[in-house]
1. Can you confirm whether the range 146-162 contains a residue that is within 30 Å of residue 93 (Cβ to Cβ), without any contact (Cβ under 8 Å) to a residue 40 or more places away in the chain and assigned to a loop (DSSP other than H, G, I, E, B)?
2. Failed condition for residue 68, given (1) buried (at least 16 other Cβ atoms within 10 Å of the Cβ); (2) within 16 Å of ligand 3 (Cβ to nearest atom), with all others met?
3. In the range 35-51, which residues are outside any loop (DSSP other than H, G, I, E, B) and surrounded by fewer than 23 Cβ atoms within 10 Å (Cβ to Cβ)?
4. Contact list please: Cβ distance under 9 Å, first residue in the range 195-209 and closer than 10 Å to residue 242 by Cβ and in a loop (DSSP other than H, G, I, E, B), second residue of a type in the set (Val, Ile, Thr) and more than 15 Å from ligand 1 (Cβ to nearest atom), pairs at least six apart or on different chains.
5. Would you call residue 95 aliphatic (A, V, I, L, M) and part of a strand (DSSP E or B)?
6. May I ask you to list the residues in the range 35-60 that are under 30 Å from residue 198 (Cβ atoms) and more than 15 Å from ligand 2 (Cβ to nearest atom)?
7. For the range 210-228, what are the residues that are touching a residue at least 12 places away in the same chain (Cβ under 8 Å), in a loop (DSSP other than H, G, I, E, B) and closer than 16 Å to residue 78 by Cβ?
8. Take the conditions assigned to a helix (DSSP H, G or I), over 13 Å from the mean Cα position of the chain (by Cα) and either at pLDDT 95 or above or farther than 14 Å from residue 77 by Cα (or both) and apply them to residue 191. Does it pass?
Amino acid sequence: MWEAFAGVIKRGSVEEKLLHQIDPQRIPRHTAIIMDGNGRWAQRRGKSRVAGHRAGARAARRAVETCARLGIEVLTLYAFSTENWKRPAEEVQALMQLLKEFIDRELHALKKNNIRLRVIGRLHELDPSVQEKVLQAIHETRDNGRMLLVVALNYSGRAELVDAFRSLYREAVERGWMPDQIDEHAIRRHLYTGDLPDPDLLIRTSGEMRISNFLLWQIAYTELYVTEVLWPDFGPADLFSAILAFQHRERRYGGIPSDLPVAAR
Ligand code: IPE
Ligand code: IPE
Ligand code: MG
(Lines give C-alpha, C1' and ligand atoms only; values in the text may rest on other atoms or scores of the structure.)
(Ligands and ions follow the chains in the order given, each with its own letter.)
Protein backbone atom coordinates (compact mmCIF):
# COMPACT_ATOMS: atom_id res chain seq x y z
CA MET A 1 0.00 0.00 0.00
CA TRP A 2 2.80 2.45 0.86
CA GLU A 3 4.25 2.05 -2.63
CA ALA A 4 1.05 3.55 -4.00
CA PHE A 5 2.06 6.83 -2.35
CA ALA A 6 5.61 6.90 -3.73
CA GLY A 7 6.30 10.32 -5.16
CA VAL A 8 2.95 11.62 -3.90
CA ILE A 9 3.77 12.14 -0.23
CA LYS A 10 6.86 14.06 0.81
CA ARG A 11 9.64 12.35 2.72
CA GLY A 12 9.64 13.30 6.39
CA SER A 13 6.24 15.03 6.18
CA VAL A 14 3.42 14.69 8.72
CA GLU A 15 1.49 12.72 6.10
CA GLU A 16 4.31 10.23 5.76
CA LYS A 17 4.58 9.72 9.52
CA LEU A 18 0.86 9.07 9.81
CA LEU A 19 0.80 6.82 6.76
CA HIS A 20 3.50 4.60 8.21
CA GLN A 21 1.47 4.04 11.37
CA ILE A 22 -1.44 2.63 9.37
CA ASP A 23 -1.77 -1.14 9.36
CA PRO A 24 -2.28 -2.04 5.67
CA GLN A 25 -4.05 -5.25 6.73
CA ARG A 26 -6.80 -3.39 8.55
CA ILE A 27 -7.93 -0.73 6.13
CA PRO A 28 -11.69 -0.11 6.43
CA ARG A 29 -13.25 -1.87 3.44
CA HIS A 30 -16.02 0.69 3.16
CA THR A 31 -15.50 4.31 4.25
CA ALA A 32 -18.31 6.86 4.09
CA ILE A 33 -17.91 10.62 4.44
CA ILE A 34 -20.36 13.41 5.28
CA MET A 35 -18.54 16.24 3.54
CA ASP A 36 -19.70 19.17 5.66
CA GLY A 37 -18.45 22.71 6.27
CA ASN A 38 -18.06 24.24 2.82
CA GLY A 39 -20.22 27.21 3.79
CA ARG A 40 -18.29 27.92 7.00
CA TRP A 41 -14.99 27.58 5.20
CA ALA A 42 -16.10 30.23 2.70
CA GLN A 43 -17.55 32.50 5.34
CA ARG A 44 -14.28 32.52 7.29
CA ARG A 45 -12.51 33.70 4.16
CA GLY A 46 -15.11 36.27 3.21
CA LYS A 47 -15.99 34.24 0.13
CA SER A 48 -19.34 33.11 -1.29
CA ARG A 49 -20.82 29.74 -0.30
CA VAL A 50 -20.41 28.66 -3.90
CA ALA A 51 -16.65 29.29 -3.63
CA GLY A 52 -16.75 27.00 -0.60
CA HIS A 53 -18.43 24.27 -2.62
CA ARG A 54 -15.84 24.69 -5.38
CA ALA A 55 -13.07 24.16 -2.82
CA GLY A 56 -15.11 21.22 -1.47
CA ALA A 57 -15.07 19.60 -4.90
CA ARG A 58 -11.27 19.81 -4.91
CA ALA A 59 -11.19 18.15 -1.49
CA ALA A 60 -13.45 15.39 -2.83
CA ARG A 61 -11.04 14.71 -5.67
CA ARG A 62 -8.15 14.45 -3.17
CA ALA A 63 -10.14 12.09 -0.96
CA VAL A 64 -11.03 9.80 -3.88
CA GLU A 65 -7.41 9.59 -4.94
CA THR A 66 -6.09 8.97 -1.44
CA CYS A 67 -8.70 6.31 -0.67
CA ALA A 68 -7.89 4.47 -3.90
CA ARG A 69 -4.18 4.46 -3.03
CA LEU A 70 -4.98 3.14 0.46
CA GLY A 71 -6.81 0.21 -1.06
CA ILE A 72 -10.24 1.14 0.27
CA GLU A 73 -12.80 -0.94 -1.64
CA VAL A 74 -15.81 1.34 -1.35
CA LEU A 75 -15.88 5.09 -0.71
CA THR A 76 -19.28 6.70 -0.24
CA LEU A 77 -19.49 10.50 -0.38
CA TYR A 78 -22.59 12.43 0.73
CA ALA A 79 -22.83 15.14 -1.91
CA PHE A 80 -26.45 16.34 -1.80
CA SER A 81 -29.25 15.38 0.56
CA THR A 82 -32.98 15.43 -0.16
CA GLU A 83 -33.13 18.17 2.50
CA ASN A 84 -30.58 20.32 0.68
CA TRP A 85 -33.38 21.47 -1.67
CA LYS A 86 -34.31 23.84 1.16
CA ARG A 87 -31.29 25.99 0.30
CA PRO A 88 -31.55 29.08 -1.92
CA ALA A 89 -32.20 28.13 -5.56
CA GLU A 90 -28.93 29.77 -6.67
CA GLU A 91 -26.92 27.58 -4.29
CA VAL A 92 -28.69 24.40 -5.40
CA GLN A 93 -28.12 25.34 -9.02
CA ALA A 94 -24.44 26.04 -8.37
CA LEU A 95 -24.07 22.66 -6.66
CA MET A 96 -25.61 20.88 -9.65
CA GLN A 97 -23.36 22.83 -12.01
CA LEU A 98 -20.30 21.93 -9.92
CA LEU A 99 -21.30 18.30 -10.00
CA LYS A 100 -21.43 18.34 -13.79
CA GLU A 101 -18.05 20.07 -13.93
CA PHE A 102 -16.67 17.55 -11.45
CA ILE A 103 -17.68 14.69 -13.73
CA ASP A 104 -16.29 16.45 -16.81
CA ARG A 105 -12.99 17.00 -15.07
CA GLU A 106 -12.70 13.73 -13.15
CA LEU A 107 -14.08 11.11 -15.50
CA HIS A 108 -10.73 10.78 -17.19
CA ALA A 109 -8.97 10.29 -13.82
CA LEU A 110 -11.58 7.77 -12.67
CA LYS A 111 -11.00 5.73 -15.80
CA LYS A 112 -7.23 6.01 -15.55
CA ASN A 113 -7.28 5.00 -11.87
CA ASN A 114 -9.66 2.11 -12.50
CA ILE A 115 -12.41 3.53 -10.28
CA ARG A 116 -16.05 2.65 -10.81
CA LEU A 117 -18.76 5.23 -10.16
CA ARG A 118 -22.17 4.60 -8.72
CA VAL A 119 -24.89 6.97 -7.52
CA ILE A 120 -27.37 6.35 -4.71
CA GLY A 121 -30.41 8.57 -4.27
CA ARG A 122 -33.34 9.71 -6.35
CA LEU A 123 -31.36 10.55 -9.45
CA HIS A 124 -34.53 10.69 -11.57
CA GLU A 125 -35.64 13.84 -9.71
CA LEU A 126 -32.60 15.80 -10.85
CA ASP A 127 -32.27 17.96 -13.94
CA PRO A 128 -32.02 15.79 -17.09
CA SER A 129 -28.63 17.31 -17.92
CA VAL A 130 -27.27 16.10 -14.56
CA GLN A 131 -28.84 12.66 -14.97
CA GLU A 132 -27.35 12.29 -18.42
CA LYS A 133 -23.81 13.14 -17.30
CA VAL A 134 -23.99 10.90 -14.26
CA LEU A 135 -25.36 7.94 -16.22
CA GLN A 136 -22.71 8.39 -18.90
CA ALA A 137 -19.92 8.36 -16.26
CA ILE A 138 -21.43 5.27 -14.59
CA HIS A 139 -21.54 3.57 -17.97
CA GLU A 140 -17.98 4.48 -18.90
CA THR A 141 -16.55 3.22 -15.61
CA ARG A 142 -18.69 0.09 -15.28
CA ASP A 143 -15.84 -2.39 -15.73
CA ASN A 144 -13.42 -0.73 -13.29
CA GLY A 145 -12.46 -2.77 -10.26
CA ARG A 146 -9.91 -0.98 -8.08
CA MET A 147 -12.39 1.02 -6.00
CA LEU A 148 -16.10 1.75 -6.08
CA LEU A 149 -16.94 5.44 -5.62
CA VAL A 150 -20.53 5.82 -4.45
CA VAL A 151 -21.90 9.35 -4.62
CA ALA A 152 -25.03 9.99 -2.55
CA LEU A 153 -26.99 12.45 -4.63
CA ASN A 154 -30.48 13.64 -3.76
CA TYR A 155 -30.13 10.98 -1.09
CA SER A 156 -31.59 10.52 2.36
CA GLY A 157 -31.68 7.42 4.51
CA ARG A 158 -35.42 7.68 5.07
CA ALA A 159 -36.15 8.12 1.35
CA GLU A 160 -33.98 5.07 0.71
CA LEU A 161 -36.00 3.06 3.23
CA VAL A 162 -39.27 4.20 1.63
CA ASP A 163 -37.97 3.12 -1.78
CA ALA A 164 -36.76 -0.17 -0.31
CA PHE A 165 -40.11 -0.94 1.35
CA ARG A 166 -41.98 -0.16 -1.86
CA SER A 167 -39.79 -2.48 -3.85
CA LEU A 168 -39.91 -5.15 -1.15
CA TYR A 169 -43.70 -4.91 -1.09
CA ARG A 170 -43.80 -5.44 -4.86
CA GLU A 171 -41.64 -8.55 -4.52
CA ALA A 172 -43.75 -9.83 -1.63
CA VAL A 173 -46.96 -9.47 -3.65
CA GLU A 174 -45.45 -11.11 -6.72
CA ARG A 175 -44.18 -14.05 -4.74
CA GLY A 176 -47.15 -14.31 -2.42
CA TRP A 177 -45.07 -13.95 0.75
CA MET A 178 -46.43 -14.02 4.29
CA PRO A 179 -45.24 -11.29 6.70
CA ASP A 180 -42.97 -13.72 8.55
CA GLN A 181 -40.97 -14.27 5.41
CA ILE A 182 -39.63 -10.72 5.58
CA ASP A 183 -36.35 -10.56 7.47
CA GLU A 184 -33.33 -8.27 7.67
CA HIS A 185 -31.76 -9.94 4.70
CA ALA A 186 -34.83 -9.23 2.55
CA ILE A 187 -34.90 -5.56 3.55
CA ARG A 188 -31.18 -5.15 2.91
CA ARG A 189 -31.50 -6.56 -0.60
CA HIS A 190 -33.86 -3.75 -1.54
CA LEU A 191 -31.67 -0.90 -0.31
CA TYR A 192 -29.70 1.11 -2.89
CA THR A 193 -26.60 -0.46 -1.32
CA GLY A 194 -28.03 -3.99 -1.18
CA ASP A 195 -24.93 -5.58 -2.68
CA LEU A 196 -22.34 -3.57 -0.70
CA PRO A 197 -20.75 -4.18 2.69
CA ASP A 198 -21.91 -1.77 5.42
CA PRO A 199 -19.53 1.14 6.08
CA ASP A 200 -16.80 0.27 8.58
CA LEU A 201 -15.96 3.92 9.14
CA LEU A 202 -18.10 7.07 8.84
CA ILE A 203 -16.26 10.38 8.85
CA ARG A 204 -18.02 13.72 9.34
CA THR A 205 -16.12 16.96 8.93
CA SER A 206 -16.74 20.37 10.55
CA GLY A 207 -17.62 19.07 13.99
CA GLU A 208 -21.37 18.42 13.84
CA MET A 209 -22.32 15.38 15.93
CA ARG A 210 -25.20 14.20 13.79
CA ILE A 211 -26.03 11.82 10.99
CA SER A 212 -28.22 14.16 8.88
CA ASN A 213 -30.24 11.31 7.38
CA PHE A 214 -27.25 9.44 5.94
CA LEU A 215 -27.21 5.63 5.50
CA LEU A 216 -29.53 5.04 8.45
CA TRP A 217 -29.85 1.29 8.04
CA GLN A 218 -26.24 0.66 7.03
CA ILE A 219 -24.46 2.39 9.93
CA ALA A 220 -25.85 0.15 12.67
CA TYR A 221 -22.32 -0.92 13.67
CA THR A 222 -20.20 1.62 11.82
CA GLU A 223 -17.41 3.38 13.72
CA LEU A 224 -18.04 7.14 13.80
CA TYR A 225 -15.29 9.74 13.50
CA VAL A 226 -16.03 13.47 13.72
CA THR A 227 -13.34 16.04 13.03
CA GLU A 228 -13.47 19.83 13.41
CA VAL A 229 -11.64 20.21 10.09
CA LEU A 230 -13.87 21.88 7.50
CA TRP A 231 -14.37 19.78 4.38
CA PRO A 232 -12.39 22.00 1.93
CA ASP A 233 -9.38 21.73 4.28
CA PHE A 234 -9.67 17.93 4.64
CA GLY A 235 -6.52 16.39 3.19
CA PRO A 236 -4.55 13.13 3.23
CA ALA A 237 -3.25 13.71 6.78
CA ASP A 238 -6.82 14.06 8.05
CA LEU A 239 -7.88 10.89 6.28
CA PHE A 240 -4.90 9.00 7.67
CA SER A 241 -5.74 10.26 11.18
CA ALA A 242 -9.31 9.02 10.79
CA ILE A 243 -8.12 5.59 9.68
CA LEU A 244 -5.64 5.40 12.55
CA ALA A 245 -8.41 6.25 15.01
CA PHE A 246 -10.51 3.52 13.41
CA GLN A 247 -7.68 1.01 13.78
CA HIS A 248 -7.50 1.75 17.51
CA ARG A 249 -11.18 1.04 18.04
CA GLU A 250 -12.46 -2.26 19.27
CA ARG A 251 -15.51 -3.38 17.35
CA ARG A 252 -17.70 -5.54 19.53
CA TYR A 253 -21.01 -5.82 17.67
CA GLY A 254 -22.75 -6.23 20.99
CA GLY A 255 -20.34 -8.85 22.27
CA ILE A 256 -17.75 -8.59 25.02
CA PRO A 257 -14.16 -7.28 24.90
CA SER A 258 -12.05 -9.75 22.94
CA ASP A 259 -9.05 -9.34 25.31
CA LEU A 260 -10.89 -10.61 28.41
CA PRO A 261 -9.18 -13.72 29.77
CA VAL A 262 -11.25 -16.77 28.84
CA ALA A 263 -12.14 -17.48 32.49
CA ALA A 264 -13.70 -14.02 32.86
CA ARG A 265 -15.91 -14.23 29.79
C1 IPE B 1 -21.54 20.68 2.83
O2 IPE B 1 -21.22 21.96 3.21
C3 IPE B 1 -21.94 20.61 1.38
C4 IPE B 1 -23.36 20.27 1.16
C5 IPE B 1 -24.24 20.06 2.06
C6 IPE B 1 -23.78 20.20 -0.23
P7 IPE B 1 -22.31 22.96 3.75
O8 IPE B 1 -22.80 23.79 2.59
O9 IPE B 1 -23.37 22.26 4.49
O10 IPE B 1 -21.44 23.87 4.72
P11 IPE B 1 -21.88 24.49 6.10
O12 IPE B 1 -22.41 23.38 6.94
O13 IPE B 1 -22.93 25.51 5.79
O14 IPE B 1 -20.64 25.08 6.65
C1 IPE C 1 -25.22 16.87 5.29
O2 IPE C 1 -24.82 18.17 5.52
C3 IPE C 1 -25.47 16.66 3.82
C4 IPE C 1 -24.27 16.67 2.98
C5 IPE C 1 -23.04 16.76 3.38
C6 IPE C 1 -24.54 16.55 1.58
P7 IPE C 1 -25.85 19.31 5.87
O8 IPE C 1 -25.06 20.55 6.05
O9 IPE C 1 -26.94 19.36 4.87
O10 IPE C 1 -26.46 18.80 7.26
P11 IPE C 1 -27.16 19.60 8.43
O12 IPE C 1 -28.19 20.48 7.82
O13 IPE C 1 -26.08 20.41 9.10
O14 IPE C 1 -27.70 18.55 9.33
MG1 MG D 1 -23.61 21.80 6.45
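1. No, the conditions are met nowhere in the range 146-162.
2. Result: residue 68 passes all but (2).
3. 39, 40, 42, 43, 44, 49, 50, 51
4. From the range 195-209, no pairs qualify.
5. Against the criterion (aliphatic (A, V, I, L, M) and part of a strand (DSSP E or B)), residue 95 does not qualify.
6. Hit for the range 35-60 is 58, nothing else.
7. 211, 212, 213, 214, 215, 216, 217, 218, 219, 222, 227
8. no
The values are calculated or read from the model by the stated rules, or taken from the named source; none is laboratory data. This structure is a prediction, so every number in the text was calculated from the model and none was measured. We place every Cβ from the backbone using ideal geometry, glycine too, and count neighbours over all the protein chains shown.
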